1. Go through the range 153-165 and give me each residue that's in a strand (DSSP E or B) and either of a type in the set (D, E) or within 22 Å of N58 (Cβ to Cβ) (or both).
2. From (1) surrounded by 13 or more Cβ atoms within 10 Å (Cβ to Cβ); (2) modelled with pLDDT of 95 or more; (3) more than 20 Å from G102 (Cβ to Cβ), pick out the condition that doesn't hold for L18.
3. Pairs, please: C-beta under 7 Å, at least 6 apart or cross-chain, first residue assigned to a helix (DSSP H, G or I) and in the range 1-18, second basic (K, R)?
4. When you look at G110, is it surrounded by 17 or more Cβ atoms within 10 Å (Cβ to Cβ), at pLDDT below 95 and not charged (D, E, K, R), yes or no?
5. Among the residues in the range 71-79, are any open to solvent by less than 40 Å² (accessible area, probe 1.4 Å) and touching a Pro at 6+ places or on another chain (Cβ under 7 Å)?
6. I'd like to know if the range 82-98 contains one or more residues that are out of contact with any Leu (no Cβ under 9 Å at 6 or more places or on another chain), on the phi < 0 side of the Ramachandran plot, among the aromatic types (F, W, Y) and open to solvent by 40 Å² or more (accessible area, probe 1.4 Å).
7. Among the residues of the range 40-54, which ones are modelled with pLDDT under 95 and open to solvent by 30 Å² or more (accessible area, probe 1.4 Å)?
Amino acid sequence: MESKKELRKKYAQLRKTLTSDQVEEYSLQIANQALKLDIWEYSNYHIFLPIKRHKEVNTEYLLHILQGKDKNIVISKSNFDDFSMSHYLLTDQTKIINNEYGIPEPDENGIPINEQQLDVVFIPLLAVDKFGNRVGYGKGFYDRFLRKCKPGILKIGLSFFKPLDNKIDVNEDDIKLDYILTGQNAFKTVESHI
């Protein structure tokens, strides 16, 4: 079993090998896979804005789908002092700025949204297994955030790479995904009996 640290390094390296055209093509495919999921009856959708230098999934295509379906779109601002996130409604007036880490975020003049109001969360990741265990950048932002959400919130991970068959080593603070979207497939995560 590879450690999270090893997987983080391996998948960050794999992402670096993708061209800009591949990132765009795969991101569009992931958005198209999202349309196959039965997740569109809700109102409030949380989405991340990609860190371009890390070659994260470009969520612009998903944003267009959400806007076309007239959904409320929520984006976050990260606090690196306590690794928490605050959330804001994305509107035509929202000003997006890159923070010191290159993360695009809303300025603080937006309309704040409580985690309990969210229905669906699209989640960035580096690696994921078929059981819904994810490897992110290791700061725990999303695990802290998801713990504050209502029970039953849909957690959807976006990945350029297919889920691993072997279970990722997890700890009790890790929160599992419900779905995984890749360019090729939309997966419902598998119950683990391990």
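The values are calculated or read from the model by the stated rules, or taken from the named source; none is laboratory data. Since the model is a prediction, treat every value here as computed from it, not as a measurement. Note: ideal-geometry Cβ built from the backbone for every residue, glycine included; neighbour counts use all protein chains shown. The area values use the complete protein model at the heavy-atom level, side chains included, leaving out ligands, DNA and RNA. Shrake-Rupley method; radii C 1.70, N 1.55, O 1.52, S 1.80 Å.
1. Selection gives L154, K155, I156, G157, L158.
2. All conditions pass for L18, except number (3).
3. That search, which allows pairs on different chains as well, returns R15/K55; K16/K55.
4. Details: surrounded by 17 or more Cβ atoms within 10 Å (Cβ to Cβ): yes; at pLDDT below 95: yes; not charged (D, E, K, R): yes.
It is true that G110 is surrounded by 17 or more Cβ atoms within 10 Å (Cβ to Cβ), at pLDDT below 95 and not charged (D, E, K, R).
5. yes
6. Checking the range 82-98: not a single residue is out of contact with any Leu (no Cβ under 9 Å at 6 or more places or on another chain), on the phi < 0 side of the Ramachandran plot, among the aromatic types (F, W, Y) and open to solvent by 40 Å² or more (accessible area, probe 1.4 Å).
7. K52, R53, H54 - these are the residues of the range 40-54 that are modelled with pLDDT under 95 and open to solvent by 30 Å² or more (accessible area, probe 1.4 Å).
So that you can scan it fast, the table gives a plain yes or no per residue for (1) acidic (D, E); (2) in contact (Cβ under 8 Å) with a residue 12 or more places away in the chain; (3) touching a Lys or Arg at 6+ places or on another chain (Cβ under 8 Å); (4) at negative phi:
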| site | (1), (2), (3), (4) |
| --- | --- |
| P112 | no, yes, no, yes |
| E115 | yes, yes, yes, yes |
| F141 | no, yes, no, yes |
| F145 | no, yes, no, yes |
| C149 | no, yes, no, yes |
| G157 | no, yes, yes, yes |
| N166 | no, yes, no, yes |
| I175 | no, yes, yes, yes |
| K188 | no, no, no, yes |
